[in-house]
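Presented below is the structure to which this report refers.
The values are calculated or read from the model by the stated rules, or taken from the named source; none is laboratory data. Note that this is a predicted model, so its numbers are computed, not measured. FYI the Cβ positions are ideal-geometry reconstructions off the backbone, even for glycines, and counts take in every protein chain you see. Side chains are part of the model used for accessible areas, which takes the heavy atoms of the whole protein and leaves out ligands, DNA and RNA. Shrake-Rupley method; radii C 1.70, N 1.55, O 1.52, S 1.80 Å.
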Amino acid sequence: MHQGLTGPTHRHRPCFPICEHKSGRRAPGFAALRFVLRRLWALCVCGLVGGWALAGWAAAQGPLTALQQITALDNAQAKQALPVDFEATVIFSRGYENLLFVQEGEDAIFVRPPSHVNYAPGDRIRVHGKTQNSFRPIVVSDSITVTGNGERPKPVEASFWDLVRADLDCHMVKARGRVRSADLGGPEDGRIQTARLQLVTDGGHFEVDINSADKTALESLLDTEVEVTGAAAGKFDDKMQQTGAVIYVARLEDLRVLKREGTSKTALPVTPMDRILEGHRVTDTSQRVRVHGTITYYEPGAAVVLQDGTKSLWIETHTRDDLTIGNQADATGYPAEHERILTLADGEIEDLHIPGVVKPLNATWEQLAFWSTNSPVGHENDLVSIEGRLVTKVREPSQDEYVLDAGGRLFSAVARHPGRDAGGPMALLPVGARVQVTGICTIPDLSSITPGGYVPFKILLRSPDDLVMVANPPLLSVRNLIIVAGVLLLVAVLAMVWGWSQERKVHRQADAMAQQEQRRSAILESINHARPLAEVLEQITELVSSSLNGAACWIEVAGGATLGRKPGSSSGLVVTRELTGQAGTTLGNIHAASGKAAKPGTEAQALEMGVRLAVLAIETNRLYADLTYRSEFDALTDAHNRFSLDRELDQQMERARSDASIFGLIYIDLDDFKRVNDDFGHHVGDLYLQEIAARMKRQLRPADMLARLGGDEFAILVPDAHNRRVVEEITRRLVSCFSSPVEIDERSFAGSASIGIAVYPEDGATSDELLKAADAAMYEKKKTRAAAKA
């Protein structure tokens, strides 16, 4: 989760994080007494008199002098800054990081020391300070006095689950694991040198943070079974949610080798890069968990974000179901963690169709960019709203990105869309406008996280409505004033030279050209978005007609319809241009009546523009139709392909579930087809497949669907099959396709096929089950046939 991070600013916090800001102050006089009496009454009702009585006594009578009294507090009590004065034994200390763990008997706690002093393991110290709330209560000390030195507490055996459940936080523990990595990570300025080990055990990974700079000794531990002794602690995200476990080890002697790997890393054989997966071994016993919240983000096939109050969770999912943002949902999956971020992997989402209430948090750049493991102030995966000035916007193949400036700090708002789906036009926001952005706050580069500092973030947009312009860009600027002054001066000179009549003429021409350009742009956009060809050609004839002051214009498509407006019987000269494609083929003709009000030569210019646009529209339409056909049909047999069958099968499955109908699936495998290819070549094999496919098509009903799955395998979808007998009757007709030999290149081929059938819902309730059932039935027939031949 934190591999690769170095330096003290990246150290993991214990399960009692060090707060960057002090909180709470001692309630004086009567207010403190009233606070205690109020708490005593509430806990008498709840049956918890003992704990609150202890806290009240400590606040009113004096400091808590026993560590057991302090660890018995909860966060609400610790927040009252109760005074403490106790003795305990140091089990781990690192001064420059303000890390200090102490233990007394079976009680342990994290102490924030007043200075960067290192204490030796086993030191007896007297701590004077006050309590503070955190993940669990901690102590912020005013002074620490060393009173002696002795033995550290006896360590407790700890499993991976003991560590991640935080059962033994701050306690002296002993844990075992196999070393996966060993990296030096401490400062190089004379302070304590440290290293970081990643250990794997039966439950999972945990980290060992050890005070040692012996690189040779550490690197020799790779793949070695070790036992480490130290202080148990936790790792956190910016919401103070635990994301892992760490053991702080005071010295290299507290790491004991149990079983050393026989082969060093330099003696390992070199594995080809494309074969490294052969060394992968995983036994995953993770348990599925369920969470509940409101859907605040959905990217089909990739991710869902659920939010419940101040908690939010990124869920990796493969689902493409219709999920409604704003509805409550249940999600199940497997807990995971990646670079300080909690996630739910392989998520299954159930939309409960109940509206939820999640209002976006109005946040500043500093709130969203600040990352701290010391207090739950982070907003990773939260629904937020932030304002900024639009700097630029960029369209990329898979997303639209809007870069905004919030008080001199940049951030991005991203609208994701599939690779070839442009996702509609980008938001019509002028550069410089002030924009309010609503969406999910995420960290794009997890390796940039520095606890206690600012990290880059971006906002994931859910819809175009998440971008709202708050204010237009400022009009007054030096550049704009210079441009306006120049234009005014030019207009004044032109007005004096050409006069008011010429000025009006220029304005009319400019308006006409602008309208023509807008129409041409609209036509190009219609072509780009694959609008119906007839609609696009109508737009082209209207454009040409407007260029000729309303003269009639029409297009005759080769082998197709005539589109546009023809002139009346009394019209004058008609000008015609042929529509010739890039390959030299004639696509049709465009005609225009010669308008009386049109300027000489205008027809040629207007028709040339119409010819270019019409040719582009017709050829683009045909290319799109050809690509669509190729994506759904097999090029050799002209039957549907596997993709087309899967889509139709899913649709048929949905119809059958809604109206309780029955349909069948026939699976066909041609016998001995490989021998045809091997003996006579692929050309003959292709002709054989084409003939067999044509014969099978003739035996099917109009609604039946033949698909080639690949090679010599075919499938037939039989809708509206009232019973199994209908499917069996079609199967018998398919068998007749092989009753006569296939004649190819003066050769005769006697063929046969193995056929299996499956009927919904008798043989399967899902498309996968139905395909497997039909395939299994087919192979059973093939085995029976082979056994009969033997």
Candidates GLU538, GLU517, filtered to the one that is at pLDDT 85 or above and of a type in the set (D, E, K, R)
GLU538
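If we scan the range 728-740, do we find a residue that is within 10 Å of GLY664 (Cβ to Cβ) and aliphatic (A, V, I, L, M)? Outline the logic, then answer.
Of the range 728-740, the ones within 10 Å of GLY664 (Cβ to Cβ) are 728, 730-731.
Remaining after also requiring aliphatic (A, V, I, L, M): 730.
Yes, there is a match, as at least one residue in the range 728-740 is within 10 Å of GLY664 (Cβ to Cβ) and aliphatic (A, V, I, L, M).
For the range 433-455, state whether one or more residues are more than 30 Å from GLN241 (Cα to Cα), among the basic types (Lys, Arg) and modelled with pLDDT of 75 or more.
Looking only at the range 433-455, we keep the residues that are more than 30 Å from GLN241 (Cα to Cα), and these are 433-435.
Among the residues that remain, those that are also among the basic types (Lys, Arg) are: 434.
From what is left, the residues that are modelled with pLDDT of 75 or more are 434.
Yes.
For the range 348-367, does any single residue satisfy the condition of being of a type in the set (Phe, Trp, Tyr), outside any loop (DSSP other than H, G, I, E, B) and over 20 Å from LEU461 (Cα atoms)? I'd like the intermediate steps shown before the answer.
We begin by selecting, within the range 348-367, every residue of a type in the set (Phe, Trp, Tyr); these are 365.
From the residues that got through so far, the ones that are outside any loop (DSSP other than H, G, I, E, B) too are 365.
Still in the list and also over 20 Å from LEU461 (Cα atoms): none.
Among the residues of the range 348-367, not one is of a type in the set (Phe, Trp, Tyr), outside any loop (DSSP other than H, G, I, E, B) and over 20 Å from LEU461 (Cα atoms), which makes the answer no.
Being at pLDDT below 80 and not aromatic (Phe, Trp, Tyr): is that true of ARG531 here?
Values: at pLDDT below 80: no; not aromatic (Phe, Trp, Tyr): yes.
Against the criterion (at pLDDT below 80 and not aromatic (Phe, Trp, Tyr)), ARG531 does not qualify.
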The correct count of residues that are under 39 Å from the mean Cα position of the chain (by Cα), of a type in the set (Val, Ile, Thr) and assigned to a loop (DSSP other than H, G, I, E, B) in the range 242-273 is 2
Answer yes or no as to whether VAL226 is in contact with a Gly (Cβ under 6 Å, 6 or more places away or on another chain) and buried (at least 19 other Cβ atoms within 10 Å of the Cβ).
no
From the list ARG275, ARG320, exactly one residue is more than 30 Å from GLY177 (Cα to Cα) and among the basic types (Lys, Arg). Which is it?
ARG320
Where residues in the range 274-323 are small (Gly, Ala, Ser) and outside any loop (DSSP other than H, G, I, E, B), which of them is surrounded by the fewest Cβ atoms within 10 Å (Cβ to Cβ)?
GLY279
Within the set of pairs 6 or more residues apart or between chains, which connect a residue that is farther than 11 Å from LEU579 by Cα and open to solvent by less than 60 Å² (accessible area, probe 1.4 Å) inside the range 603-624 to a residue that is assigned to a helix (DSSP H, G or I) and among the small types (Gly, Ala, Ser) with Cβ atoms less than 6 Å apart?
ALA606/SER547
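Would you tally the residues in the range 655-671 being open to solvent by 80 Å² or more (accessible area, probe 1.4 Å) and part of a loop (DSSP other than H, G, I, E, B)? Talk me through it step by step, then tell me what you get.
The first filter runs over the range 655-671 and keeps only residues open to solvent by 80 Å² or more (accessible area, probe 1.4 Å), leaving 655, 657-660.
Next, only the ones that are part of a loop (DSSP other than H, G, I, E, B) stay: 660.
Qualifying residue count for the region: 1.
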Here the qualifying pairs (Cβ atoms under 9 Å; residues six or more apart or on different chains; first in the range 633-654 and on the phi < 0 side of the Ramachandran plot and part of a loop (DSSP other than H, G, I, E, B); second surrounded by 17 or more Cβ atoms within 10 Å (Cβ to Cβ) and among the basic types (Lys, Arg)) come out as ASP634/ARG708; LEU636/ARG708; THR637/ARG708; ALA639/ARG708; ASN641/ARG708
Quick check on the range 324-355: of everything there that is more than 23 Å from VAL377 (Cα to Cα) and small (Gly, Ala, Ser), which residue is surrounded by the fewest Cβ atoms within 10 Å (Cβ to Cβ)?
GLY326
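Kindly indicate which of ARG126, ARG136 is crowded, with 17+ Cβ neighbours inside 10 Å and either closer than 21 Å to ALA250 by Cα or in contact with a strand residue (DSSP E or B) (Cβ under 9 Å, 6 or more places away or on another chain) (or both).
Result of the check over ARG126, ARG136: ARG136.
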Against the conditions (1) farther than 30 Å from ALA217 by Cβ; (2) open to solvent by 60 Å² or more (accessible area, probe 1.4 Å); (3) of a type in the set (S, T, N, Q), where does THR271 fall short? Just the number, please.
(1)
Given (1) surrounded by fewer than 18 Cβ atoms within 10 Å (Cβ to Cβ); (2) at pLDDT 90 or above; (3) of a type in the set (A, V, I, L, M, F, W, C), where does PHE680 come up short, assuming only one miss?
(2)
Where in the range 702-779 are the strands (runs of 3 or more DSSP E), entirely inside, with at least 2 residues that are surrounded by 18 or more Cβ atoms within 10 Å (Cβ to Cβ)?
705-710, 713-718, 742-744, 753-760
